[in-house]
Amino acid sequence: MTVLDSRVPDGPLATKWEDHKFDMKLVNPNNKRKFEIIVVGTGLAGASAAATLGELGYRVKAFTYHDSARRAHSIAAQGGINAAKNYHGDGDSVYRLFYDTIKGGDYRSREANVHRLAEVSNNIIDQCVAQGVPFAREYGGLLDNRSFGGAQVSRTFYARGQTGQQLLLGAYQALSRQVKAGSVELHTNQEMLELVVVDGHAVGIVTRDLVTGEITRHSAHAVVLGTGGYSNAFYLSTMAMSCNATAIWRAHRKGAFFANPCYTQIHPTAIPSSDEFQSKLTLMSESLRNDGRIWVPKDPDESRAVADIPEQDRDYYLERKYPSFGNLAPRDISSRAAKVVVDEGRGVGPLKNGVYLDFADAISRLGREAVADKYGNLFDMYERITGENPYEVPMRIYPAPHYTMGGLWVDYHLQTTIPGLFAIGEANFSDHGANRLGASALMQGLADGYFVLPYTIGDYLAPQLGQPKVEVTAPEFDEAEAEVRGRIDHYLGVGGSRSVDWFHRELGKILWDYCGMGRNQAGLEKALSEIPALREEFESDVRVLGSAESLNSSLEKVGRVADTFELAELMCRDALTREESCGGHFREEHQTEEGEAQRDDENFAHVTAWEWSGDSASPNEHREALVYEEVQLTTRSYK
Amino acid sequence: MNLTLRVWRQAGPDAPGRFETYEARDVSPDSSFLEMLDLVNEDLIAQGEVPIEFMHDCREGICGTCGMMINGQAHGPQALTATCQLHMRTFSDGDEIVLEPWRATGFPIIKDLVVDRSAFDRIIESGGYVTVDTNSAPDANLIPIPKETADLAMDAAACIGCGACVAACPNGAAQLFTSAKVAQLNMLPQGQAERYDRAEHMVEVMEEHFGSCTNMGECEAACPKGISIDFIAMMNKDYRKAKFRGRRSA
C-alpha cells in the first residue's frame, strides 16, 4: 500500500489556488499550438475543457460517442447550479459554499479542491451569462436564485427545469465556435475503447466509429477524460441509456487508480418503477422539495384515497425527523428515510414502492399559476410518464441511483496516477466526498472544464516543449488495437442464448440489493460471489448478433457491460473494506441508535484508491489521508 | 396489450429498405414506447434476428436523440411529447403502428430508424454562439435583462435539436431549429454584437442542407418542446436587415 501524494500546494487555504496559478509552469501562447490534447466526452466538463483549450491555442481532438456534442447526459440536470454570489444578501460566501460542500460530503473530500471549486463558482455564472444562457430573472432584470438540499441560503441559479440543458448548450456552442475556428477537431459517433500508455505516460486512445465500425488510433501529448459516472452499473438509474464506465475502466486497467467506488448517490426524488421491463428511472428535480411536502400514511394498511387521509393520519417524516432542514435534508439522508418508511410497509402507489411529494399546501399558498411557473415542465413530465396529474394528486417518488462521487483518483491538478491522463467532472472523485449536494454537479463539471484543467494541464505540458507526440505506429498502439479487435471478435463469436440487456439487468439487481442504499458484510460478500458467477455465464452465454462493420448497438453494449462487471465487483469490495457509514455509503453495522450514519474518523478519514492488479478479485489498495486544516470534523446534523 | 408493428428496416445508407412486420405481445400500457421496442428487440434476439436500430439515449425528453415517424407523425400522436416520453397507454390493444425514420434529404438514413443529423451542428458552428472566451466575462448581474425577454429567450432555447421539425415539414426545411437559436441569442443583450452576422451565416448554411420554408406550420405542431414559429419571423427580419448592409440597426 502506498500513500498517494495529492500535490496540494502549501499556504493558506483561501489563497492556495491563486498562489498556485502563479507557481505553475506556463506554455507561451505561441507554443500552445505545438501541443495536441485529446478530450474524451463532450458533456459539461469535456465540452467546456475542449472549448477553453481551443481558445487558448492548443490543438484539440474532442471525441463523443453521441451523434452530436449536444447530447451528453449533463443535459438532463434539471434543478440548477450553485455559486457563492450572495446576490440576495442572505449570508452566503465562498467560505460558506466550501463549508457546506465539505459537510455535505460527510468530511470525505479534499479541502483544497473543494475550496477551489467554491472560488471559481462565481466565474462560471459570469461566463454562462455572457454566453447567452437564459437563467431565470427577477422582474428588475437581475438573476433569480432558489434553495437546494443541504444549504440554508439561496444560491442556486436555474433556467426553468432545464439548467443542465442550457449550460451544456452554452458549452456546446463555445465548442462549436472552436470547431469552426479549426482549433478543435470534433469526432462524433466515436467511442474510446482503449487508452494507450507509453513509458508510463498517456499518449493516445483507440476508438471505434459506431456507424462504420472503423477502428482508429489517435495520439496526443495528453489525454483528458470527461466521460461521466457509473450509475448505470445499477441498470435502473436516472442515467441515459448509453452512459457507461468503459473509458475510465480502460484507463483503470492501464494503471489509473480508482477512488472510492462505493460512494454512489441515490437521489431521493425519482418516479418509482412501474414494472419489470422498465428501462430507466426518471428524476423529478430536487428543487421540487422547496415547495413539495413529503409524507406517507401513518398506517401501513391505509386504504383511503389520498384526499381523504386527514392530517393527523399522515407522517411528514422528514419534517418530523429533521425540523430545521425538513424536506430539504441532503440527498443521502432523504433517500434513506424513504427506504425506512417503504421497508416498514408504508409505501404508496400500486406496488407500495414510493412516498408522496405533495404540492397541495404550495398550491393553496402560492396559487396554481405560481407553482406552474416554477415547476410546470416537471409536472407535465410527471403526467406524461405516470398518467397522473400532480396538481390534483400528490406525486409518487422513490430514490434512484443518480450520481457517483467515486471515480478516477486525481491530484490537485486533476491528473490521474498515469502522468498525462487527466480526469474531469463526474469521471473523477475529487470534490464531493461521500455525498454530493444538489446543484453541485454542474458546478464541478464546468469548474474543472473552464477554470481548472486548462491551467493545470499547462504545468504538465510545458516541460515537453519541442518533443513530438508519440506516433500511432508505436507498438503500444498495435497492442491496444489488437486488444480492442480481440474483444469485439470474442463477443460476436460467443453465440450464447441471452441478450446483453438481460445480463445487465441481473447485474443491476445484485448491486441494488447488496450495494445500494443499505449495505452489510453478509450482503456484500454474497454480491462478491454472485457477480463473478454471473460474469462467467455472461462470457459464455451472451448473444450479440449482427456485424462489427455497421451500427450495432448490441455490440456497443456488450463491451460496456463487460467492463461494468469488473467495476461492480470493485464497488462491492470497496464498500466491504470501508467499515463505517458516511454520506451515500451506509453500512448497516455502523449506525447510531437513531439510524443515522456513523463515521469512523480515526480509521477511515482517507480516500481509498484501488490499483488494477490484473485480476478483478484482488485489486491493490492505496490511500490518501484526508487532512483537515480548516474544518473541524463533526457529526453532520440537519435536525 | 398486443400490437402489430410495421417497421422500416434498412441495413445501411446505400442498402435498399423495406417494411417488416413484427408482433409486440404482452405490452404493459404503463411502459414507454421505446420500452415496447426494447421488448420487440429482445424477442428478435431470442429468435436470432438482428434487432431494430433506433435513436435514443436519455429517455426523459431532453437530449433530443430519439425520434421516428409513428403512423406518419413525427414523435407520434401525443402533442409536446418526444418519442421517449410517449407511453403505450396512448395506444389501444390490437393497433397497427407504422414506424419510419425521419424522412428528409438533410437527414440521410444510417440504418433502420437511425438518421444522420450532423447538418444541425454545421448550422450552429456557423454562428450559433456568442464570441466570449473563458475568463473574459463581466459580473453576471452587470447586464439586467427584463424577465419577459429572459423568458422568451428560454422559450426559444428549449429546442432539443431532435429534428422533428424537419421531418414534419413537407419541404424538409430547418427554419424552426435554426430560428430557435438565432432568436434566443439575437434577443439577448449579449448577442447584439454578432446579431446580423449570426442571422446571415446561420440562414445560409441552413439553406445548403435543407429545403425552403413555405409557412406550413407543421414544424410547430410536431415540436416536442412547443417552439413557436414566431421565431422564424424574427429570424427572417434579422436576415433581411443583414442583407441590407449599412442599414443595420436594432
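Structure notes:
- Of the residues making up the range B:55-71, those that are surrounded by 20 or more Cβ atoms within 10 Å (Cβ to Cβ) and more than 9 Å from chain A (Cβ to nearest Cβ) are B:Cys66, B:Gly67, B:Met68, B:Met69, B:Ile70.
- Tabulated pairs, the range A:165-181, first more than 7 Å from chain B (Cβ to nearest Cβ) and buried (at least 24 other Cβ atoms within 10 Å of the Cβ), second among the polar types (S, T, N, Q) and in a helix (DSSP H, G or I), C-beta under 7 angstrom, 6+ apart or interchain: A:Leu168/A:Ser74; A:Gly170/A:Gln131; A:Ala171/A:Ser48
- Test for A:Lys85: is it among the charged types (D, E, K, R), more than 30 Å from B:Cys66 (Cβ to Cβ), in contact with a helix residue (DSSP H, G or I) (Cβ under 9 Å, 6 or more places away or on another chain) and not assigned by TED's automatic domain parsing to the domain that holds A:Met284: yes
- No other residue among A:Ala240, A:Ala256, A:Ala251 is surrounded by 24 or more Cβ atoms within 10 Å (Cβ to Cβ), in contact (Cβ under 8 Å) with a residue 40 or more places away in the chain and in a helix (DSSP H, G or I) apart from A:Ala251.
- When the range A:410-434 is limited to residues that are polar (S, T, N, Q) and modelled with pLDDT of 95 or more, the one that is nearest to A:Ser74 (Cα to Cα) turns out to be A:Asn428.
- Some residue of the range A:89-100 being within 14 Å of chain B (Cβ to nearest Cβ), in contact with a helix residue (DSSP H, G or I) (Cβ under 6 Å, 6 or more places away or on another chain), crowded, with 22+ Cβ neighbours inside 10 Å and not aromatic (Phe, Trp, Tyr): no
- Here the condition is being within 19 Å of A:Ile385 (Cα to Cα), hydroxyl-bearing (Ser, Thr, Tyr) and touching a helix residue (DSSP H, G or I) at 6+ places or on another chain (Cβ under 9 Å); of A:Ser273, A:Ser285, it holds for A:Ser285 alone.
- Sole residue being surrounded by 15 or more Cβ atoms within 10 Å (Cβ to Cβ), at pLDDT 95 or above, within 14 Å of another protein chain (Cβ to nearest Cβ) and under 26 Å from B:Pro101 (Cβ atoms), chosen from B:Gly191, B:Gly163, B:Gly226: B:Gly163
- For the range A:121-134, taking the residues that are within 23 Å of the chain's Cα centre (by Cα) and surrounded by 20 or more Cβ atoms within 10 Å (Cβ to Cβ), the one that is farthest from B:Val132 (Cα to Cα) is identified as A:Ser121.
- Hey, B:Thr149 more than 7 Å from chain A (Cβ to nearest Cβ) and touching a Gly at 6+ places or on another chain (Cβ under 7 Å) or not: no
- Hey, A:Ser287 crowded, with 18+ Cβ neighbours inside 10 Å, outside any strand (DSSP E or B), more than 14 Å from chain B (Cβ to nearest Cβ) and at negative phi or not: yes
- B:Glu42 meets the stated requirement of being surrounded by fewer than 17 Cβ atoms within 10 Å (Cβ to Cβ), without any contact (Cβ under 8 Å) to a residue 60 or more places away in the chain and part of a helix (DSSP H, G or I).
- Candidates A:Ile510, A:Ile457 - the one that is more than 14 Å from chain B (Cβ to nearest Cβ) and either touching a helix residue (DSSP H, G or I) at 6+ places or on another chain (Cβ under 9 Å) or farther than 24 Å from A:Ala245 by Cβ (or both): A:Ile510
- Complete set of residues in the range A:387-411 that are more than 30 Å from A:Ser430 (Cα to Cα) and either crowded, with 20+ Cβ neighbours inside 10 Å or not β-branched (Val, Ile, Thr) (or both): A:Gly387, A:Glu388, A:Asn389, A:Pro390, A:Tyr391, A:Glu392, A:Pro394, A:Met395, A:Arg396
- Subset of the range A:199-237 [free of Cβ contacts under 8 Å to residues at least 60 places away in the same chain, of a type in the set (D, E, K, R) and in a strand (DSSP E or B)]: A:Asp209
- Given (1) of a type in the set (Lys, Arg); (2) within 14 Å of chain B (Cβ to nearest Cβ); (3) more than 26 Å from B:Ala137 (Cα to Cα), index of the condition A:Arg110 fails: (2)
- The range B:72-103, subset within 16 Å of B:Ala15 (Cα to Cα) and part of a loop (DSSP other than H, G, I, E, B), residue nearest to the other protein chains (Cβ to nearest Cβ): B:Pro101
- The listed residue being at the interface with chain A (Cβ under 7 Å from one of its Cβ atoms) and not acidic (Asp, Glu), out of B:Gly128, B:Gly106: B:Gly128
- Only residues that are over 17 Å from B:Glu42 (Cβ atoms) and out of contact with any Phe, Trp or Tyr (no Cβ under 7 Å at 6 or more places or on another chain) were counted in the range A:535-545, giving 4.
- Those residues of the range B:1-34 which are under 25 Å from A:Pro272 (Cα atoms), more than 21 Å from the chain's Cα centre (by Cα) and either part of a helix (DSSP H, G or I) or not polar (S, T, N, Q) (or both), in sequence order: B:Met1, B:Ala24, B:Arg25, B:Asp26, B:Val27, B:Pro29, B:Asp30
- Screening A:Arg587 on (1) crowded, with 21+ Cβ neighbours inside 10 Å; (2) within 14 Å of another protein chain (Cβ to nearest Cβ); (3) among the charged types (D, E, K, R); (4) touching a Lys or Arg at 6+ places or on another chain (Cβ under 7 Å) shows it passes everything except condition (2).
- Pairs with Cβ under 9 Å, 6+ apart, first in the range A:513-525 and polar (S, T, N, Q), second crowded, with 16+ Cβ neighbours inside 10 Å: A:Asn520/A:Tyr514; A:Asn520/A:Arg587; A:Gln521/A:Leu576; A:Gln521/A:Arg587
To keep it simple, each residue is scored yes or no on (1) part of a strand (DSSP E or B); (2) within 14 Å of chain B (Cβ to nearest Cβ); (3) at pLDDT below 95; (4) more than 20 Å from A:Asp380 (Cβ to Cβ).
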position: A:Ser274; (1), (2), (3), (4): no, yes, yes, no
position: A:Phe277; (1), (2), (3), (4): no, yes, yes, yes
position: A:Ile294; (1), (2), (3), (4): yes, no, no, yes
position: A:Arg304; (1), (2), (3), (4): no, no, yes, yes
position: A:Arg336; (1), (2), (3), (4): no, no, yes, yes
position: A:Val340; (1), (2), (3), (4): no, no, yes, yes
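- Neighbours by Cβ (under 7 Å, 6+ apart or cross-chain): first from the range A:359-386, more than 14 Å from chain B (Cβ to nearest Cβ); second of a type in the set (Phe, Trp, Tyr) and surrounded by 18 or more Cβ atoms within 10 Å (Cβ to Cβ): A:Val371/A:Phe359
- Some residue of the range A:142-150 being more than 27 Å from B:Ile160 (Cβ to Cβ), within 11 Å of chain B (Cβ to nearest Cβ) and out of contact with any Ser or Thr (no Cβ under 6 Å at 6 or more places or on another chain): yes
- Scan of the range A:479-509 for residues that are of a type in the set (D, E, K, R) and not in a helix (DSSP H, G or I), ordered by number: A:Arg498
The values are calculated or read from the model by the stated rules, or taken from the named source; none is laboratory data. Quick caveat: nothing in here was measured; it's all calculated off a predicted structure. FYI the Cβ positions are ideal-geometry reconstructions off the backbone, even for glycines, and counts take in every protein chain you see.
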